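All remarks here apply to the structure that follows.
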Amino acid sequence: MTPHWVRLLATALLVSALGLPLLAQQQPMQRWDEARLSQPDYKVHVENNVRVKMRDGTYLSADIYRPDVAGAFPALLSRTPYNDNTEEGIEECKWYAERGYAVVTQDVRGKYDSEGKYTPFHSEANDGYDTIEWIAAQPWSNGKVGTMGGSYGGYAQIAQGVHPSSHLIEMAASVTTSDVFNTWIYVDGALYLSFVSGWGAVEMDGHKMHYGPAYDWPAVYSHLPLLTIDEAAGHVNPDFREWLKHPRADDPFWRGVSLEQEVASIPVPFLVVEGWYDIFLRGALQDDISIRKHGKTERARKGKQLIIGPWTHWTGIRNNHPDFPTTGPERSVDFGPNAEVALRKVYLRWHDHWLKGIDNGVEDEAPVKIFVMGENYWRFEQEWPLARTQYTKYYLGSGGEANSVLGDGTLSPTPPAGSAQSDSFTYDPSSPVPTLGGNLLDCLGCNTVAQGTVGQARAEARDDVLVYTTAPLSESVEVTGPITMKLFASTSARDTDWTAKLVDVYPDGFAQNIQDGIIRARYRNGKNAPASLLDPNRVYEYDIDLWATSNTFLPGHRIRVEVSSSNFPRFDRNLNTGEDPMTGTKIEKAQQTVHHSKRYPSYILLPVIPRSSM
């Protein structure tokens, strides 16, 4: 049999001869050798509700699953506010313990069997440190600790990794980020309404979770003022209300909570699995850049890995939201069998390498693995954003009637040559544009608002949505990387919102949402700048962050951009009055104008990957 290294060298030489970038080719995601994975060689010993003392005397509850033999093993720690002994969690812990790990799963402070008061985000750094120190001192531990868990459990890993115990060896998380302020709670000035109200105001209130299907969520989302939206679901949650009282990133309230400035101090290898349609995608990408460029140690910089699939907050599943239709104008998109990944084995390989020293190739792999939608394959890359990106401007254009998909809006790489070109619409906060998929999460398990890919026909039929579309493409256009929009716009209001959405239009007219963003006008100068209201009817320049994607627009498809002023209930509605968004109740209509002339060349900047490099 040809040695593995010889096959790799032959592939590299062939790629080089063809002028193609190494590791930029289609790759199988599931590359592991089953024989080099830890095997289920052990029976499992379980200890429930073990009391672990924190530095302030508070006892947290942990369940321990370990091989039922004498000896010391590497440990895996998972800390969660969602109950540490769910059926699914128990099965996962036993699975790892069978393979030679001592697994500790712990209720965070103030949740379920743990003592203390739960305040979101605040205690995870110290409690995580103390728990790792406790694990390392146990007779069944060899002193090496890795961490696992997703979402809030991923944030808990980051918090304890910023000021880590010396026994922390590696981290492995999914769908998470350090940036609490501008990814968990706010997005460029707007409140992350469906997530913050469902998860933050209701479900996280109290000692146990309050799962959401019992509530009238449309009524909750529409409640004014926002500061008391918790009352619409029968709760009074002081933590949620504090978030709404601190709408600026530089507010001292967020210090020690929003850790985007500290994340680069994590000194150990860190694997994060993300989804192109996850709520935390933008923050996870920025975390990756920060650690890779400014990481505290070389081990951390070289050991940072990122996997991004075509998933929502629920990673690894083939269809983004199987509870929603797969046919019709609002269908979900199935990205094929390549999109379904055995993530538990991905994590097992990671833990095996860093905690057991198994030479399984993890450390030698490309640091960024992305799923290219449209063509539906995995590709391994050496950096993010991709060094070979050609940032290309696609300009908005029309004859003044771009309203709805029936309008005359165009999108083209050719800059506008004329003057005084614009499109107008009325934004009425009492009738906002509905959220149709995207990077959102409402209440856990509710599915009151579809996540991920959803056809955009219902939004594009509205006159308050401006639609700009290219001609059918004669060849594929791959868009992989960060997406931004330069928008020149005016409004009759003192404050308003502007939204932008990138859409892939199929030959049959189906419009698949790719990515979207928002900017609150009063925060147009950045998240750290003071709020600044508008002069009505004055043209302002806005930069809208549409996060990032990897999608190939295939021949016969069209690239589309939608522009409007609402995306509800993903984001709260701007009431257009200029009042405090969190306490205001008065609603006003606004007359909105988007300019796209030579003087005001509105465009979307797409990260195009040249086909010659594929």
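Observations on the model:
- In region 511-533, residue nearest to residue 588 (Cα to Cα) [restricted to those that are surrounded by fewer than 18 Cβ atoms within 10 Å (Cβ to Cβ) and of a type outside the set (D, E, K, R)]: 533
- Taking region 583-613 as the range and being surrounded by 14 or more Cβ atoms within 10 Å (Cβ to Cβ) and basic (Lys, Arg) as the test, only 589 passes.
- For region 338-378, the set of residues classified as in a helix (DSSP H, G or I) and charged (D, E, K, R) consists of 344, 345, 349, 352, 356, 363, 364, listed by residue number.
- Residue within region 296-304 that is out of contact with any Asp or Glu (no Cβ under 7 Å at 6 or more places or on another chain), modelled with pLDDT under 95, under 16 Å from residue 178 (Cβ atoms) and outside the structural domain of residue 449 (by TED's automatic domain parsing) present: yes
- Single residue of region 159-174 satisfying the filter (surrounded by fewer than 24 Cβ atoms within 10 Å (Cβ to Cβ) and outside any strand (DSSP E or B)) that is modelled with the lowest pLDDT: 163
- Residues of region 186-216 that turn out to be in contact with a Gly (Cβ under 9 Å, 6 or more places away or on another chain), crowded, with 23+ Cβ neighbours inside 10 Å and of a type in the set (Gly, Ala, Ser), as a count: 1
- Going through (1) more than 20 Å from residue 403 (Cα to Cα); (2) in a strand (DSSP E or B); (3) not polar (S, T, N, Q) one by one, residue 522 falls short only on (2).
- Flag if residue 278 is among the acidic types (Asp, Glu) and surrounded by 17 or more Cβ atoms within 10 Å (Cβ to Cβ): yes
- Options 499, 484, 549: the member that is among the polar types (S, T, N, Q), touching a Pro at 6+ places or on another chain (Cβ under 9 Å) and assigned to a strand (DSSP E or B): 549
- Which numbered condition residue 166 misses (of (1) touching a strand residue (DSSP E or B) at 6+ places or on another chain (Cβ under 6 Å); (2) over 22 Å from residue 495 (Cβ atoms)): (1)
- Residues considered: 147, 119, 183. Of these, the only one that is hydroxyl-bearing (Ser, Thr, Tyr), within 24 Å of the chain's Cα centre (by Cα), more than 25 Å from residue 548 (Cα to Cα) and buried (at least 24 other Cβ atoms within 10 Å of the Cβ) is 147.
The values are calculated or read from the model by the stated rules, or taken from the named source; none is laboratory data. As the structure is a computational prediction, the values presented were derived from the model and not from experiment. Quick reminder, even Gly has a Cβ in these numbers, built from the backbone with ideal geometry, and neighbours come from all protein chains shown.
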